[in-house]
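Just dropping this structure here.
The values are calculated or read from the model by the stated rules, or taken from the named source; none is laboratory data. Because the structure is a prediction, the values reported are computed rather than measured. Here the Cβ positions follow ideal geometry from the backbone for every residue, glycine too, while neighbour counts run over all protein chains shown. To get the accessible areas, we keep the full protein, side chains included, count just its heavy atoms, and leave off ligands, DNA and RNA. Shrake-Rupley method; radii C 1.70, N 1.55, O 1.52, S 1.80 Å.
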There are 2 protein chains.
Amino acid sequence: MAQAAPDATLRRFSGYGMKRAFNGIQADLSATLQPFGLRMVTFSALVVIHDNPGLRQTRLAGVLAIERPNLVAILEDLERADLIARTRAETDRRAYELSVTAKGRTLCQQAMAAVVDHDRRMTRGLSADESATLQKLLRRIEGNGRTPHDRRKISRA
Amino acid sequence: MAQAAPDATLRRFSGYGMKRAFNGIQADLSATLQPFGLRMVTFSALVVIHDNPGLRQTRLAGVLAIERPNLVAILEDLERADLIARTRAETDRRAYELSVTAKGRTLCQQAMAAVVDHDRRMTRGLSADESATLQKLLRRIEGNGRTPHDRRKISRA
DNA sequence: TATTGTTATACTCTATAACTATA
DNA sequence: TATAGTTATAGAGTATAACAATA
């Protein structure tokens, strides 16, 4: 009989397995995106802007579940690399409408291909059905979680 | 027909769904552990030491997949709270053997109960079979990932 | 020489408060 | 007053190089 793994107790928790799995993904994804000058979060922003031209910053922050202040540096990154453009909204001069430049579109497509490849590596050994099941289960868990500002009380045992 | 979600493209990637789900778990788990004066990583360390008395620091770092230098502050946290003890190994005076104090054992059990509760909240809507499937799939993905120091090259598209 | 634990350090990610300019 | 974007800042988390003590 095999000796129990040293972290067997933690392995019973869904969060632990998820963190361990995500760490591996993150390392591979970061390495995948580096040749494109992108980080995980700049890639995500670029893709969402690509798919939703005219998007405003506050909305983008909401979609990606990041705080507005943190988005500023991200968009500066993308703008400095000439991948996106910010144009003042005509109807509301406080807001910017985000769009992808020609250069951004090209890079987005190339990076997408590399990330599709990355995702195939990460899900190696999983059937298409299993991958779909995984996504479905993760989505349900996401709905059960809380957002950082969520101050619901938790009773101490 | 419903409009596609703004992040529909990203939702196809397993890493994105995993990050979103884990964010929700992390926020809830941090709130769960706060009353015990524990963070995710100090809780993990406490549990592993509890289950593996006599463990050395280098080994613990390996088990939890964290860097040795980062473990130092974590163990100082636990030691200052009188939850663990470090005793010089008799056979190797460079090394410490880690163990849980009586106070640590009690807190570990209380925190465990709270985390079991937390995990039930997070997996609400999942059957026991589905939870097990999730763990199994995450474990396979973990094996496909890379470790941070892993410098394997990735071809650019 | 190699290993255990440590120090110092730096970089990323992320959360909050408060500001500005418009509305 | 409220909202869009911004600035400043602070706290985690985490990675690397280099050191002292011991093997």
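Inspect the range B:91-102 for any residue being assigned to a helix (DSSP H, G or I), open to solvent by 70 Å² or more (accessible area, probe 1.4 Å), more than 10 Å from DNA strand D (Cβ to nearest atom) and more than 26 Å from B:P148 (Cα to Cα) and give the result as yes or no.
Looking through the range B:91-102, at least one residue is assigned to a helix (DSSP H, G or I), open to solvent by 70 Å² or more (accessible area, probe 1.4 Å), more than 10 Å from DNA strand D (Cβ to nearest atom) and more than 26 Å from B:P148 (Cα to Cα).
Same structure, new question: A:A128: within 16 Å of DNA strand C (Cβ to nearest atom) and among the hydrophobic types (A, V, I, L, M, F, W, C), yes or no?
Judged against the criteria, A:A128 is not a match.
Let me ask something else. Looking at (1) more than 11 Å from DNA strand D (Cβ to nearest atom); (2) on the phi < 0 side of the Ramachandran plot, which is the one condition that is false for B:D82?
(2)
Regarding the range A:133-146, can at least one residue be identified that is over 30 Å from B:D119 (Cβ atoms) and among the charged types (D, E, K, R)?
No, that holds for no residue.
A:D150 fails exactly one of the following numbered conditions: (1) touching a strand residue (DSSP E or B) at 6+ places or on another chain (Cβ under 7 Å); (2) not in a helix (DSSP H, G or I). What is the number of that condition?
(1)
If a residue must be surrounded by 15 or more Cβ atoms within 10 Å (Cβ to Cβ) and of a type in the set (G, A, S), how many such residues does the range B:103-156 contain?
Selection size over the range B:103-156: 5.
Can you work out which of the residues in the range B:53-79 that are in contact (Cβ under 8 Å) with a residue 40 or more places away in the chain and on the phi < 0 side of the Ramachandran plot is most open to solvent (accessible area, probe 1.4 Å)?
Ranking the candidates gives B:P53 first.
Let me spell it out: the conditions are (1) at the interface with chain B (Cβ under 7 Å from one of its Cβ atoms); (2) assigned to a helix (DSSP H, G or I), and A:D129 meets all of them except one. Which number is the exception?
The single condition A:D129 does not satisfy is (1).
For residues that are within 8 Å of DNA strand D (Cβ to nearest atom) and either of a type in the set (D, E, K, R) or within 13 Å of chain B (Cβ to nearest Cβ) (or both), tally how many sit in the range A:68-79.
Residues flagged as within 8 Å of DNA strand D (Cβ to nearest atom) and either of a type in the set (D, E, K, R) or within 13 Å of chain B (Cβ to nearest Cβ) (or both) within the range A:68-79 amount to 2.
Output the helices (runs of 4 or more DSSP H) that fall wholly within the range A:7-68 and possess 1 or more residues being within 13 Å of DNA strand C (Cβ to nearest atom) and charged (D, E, K, R), or say none.
A:14-33
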